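Single-structure report; data block below.
The values are calculated or read from the model by the stated rules, or taken from the named source; none is laboratory data. Please read these numbers as outputs of a predicted model, since none were measured by experiment. When we count neighbours, we look across all protein chains shown, and the Cβ atoms used for this are built from the backbone with ideal geometry, even at glycine. Accessible surface areas use protein heavy atoms only, side chains included; no ligands, DNA or RNA. Shrake-Rupley method; radii C 1.70, N 1.55, O 1.52, S 1.80 Å.
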Amino acid sequence: MPVLDLLFGDESEYVRRSVANHFNGLSGGHADLAVATTRCWLDAQAPTTGRLVRHGLRRLVKRGRPGAPRTARLRLAIDYVVRDGKANGSQSAMTFKLTTRNLALDRTTAVTREHSFRLLTSRRCHLGPNAIAQLINGVASDRAKFELQAP
């Protein structure tokens, strides 16, 4: 921690990005420490700190950790989860970033996205039941089920 405290304001984007990646990893097991430390960093008011904190707390924002979106100064982090059907009938979840938006409380926004189900070397799609859900600051909506069919 003392080394990261020294490096979070480094002039090098490479070093700051490395610090943010370390905090993203740290947040998995030490969420309270990560949020408290990044709040202290934000008090330093360096112009690059906001970006570092948003990147470093992305795991906590995605999981809906209380305090993380506010600390990361995000109003809405909008992701979506596709639950792909597997050959054995089970499902696995993949989370995809949709957008981050700062909105006033009386505003709305429209967000659209196309998702490809084409065959990739890193991901195989199976025909049959699948589902999709939206995540807003880590809080999931109800799943929308759909059937993936051959073209």
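Quick look at the numbers
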{"quantity": "Subset of the range 1-39 (residues that are open to solvent by 90 Å² or more (accessible area, probe 1.4 Å) and not acidic (Asp, Glu))", "calculated": "PRO2, VAL3, LEU6, TYR14, ARG17, HIS22, HIS30, ARG39"}
{"quantity": "Residue satisfying all of: in the range 104-151; over 16 Å from ASP84 (Cβ atoms) and acidic (Asp, Glu); modelled with the lowest pLDDT among these", "calculated": "ASP106"}
{"quantity": "Counted residues, the range 134-151 - those being open to solvent by less than 70 Å² (accessible area, probe 1.4 Å) and within 16 Å of the chain's Cα centre (by Cα)", "calculated": "6"}
{"quantity": "From THR121, THR108, THR112, residue being surrounded by fewer than 11 Cβ atoms within 10 Å (Cβ to Cβ), over 28 Å from LEU60 (Cβ atoms) and β-branched (Val, Ile, Thr)", "calculated": "THR121"}
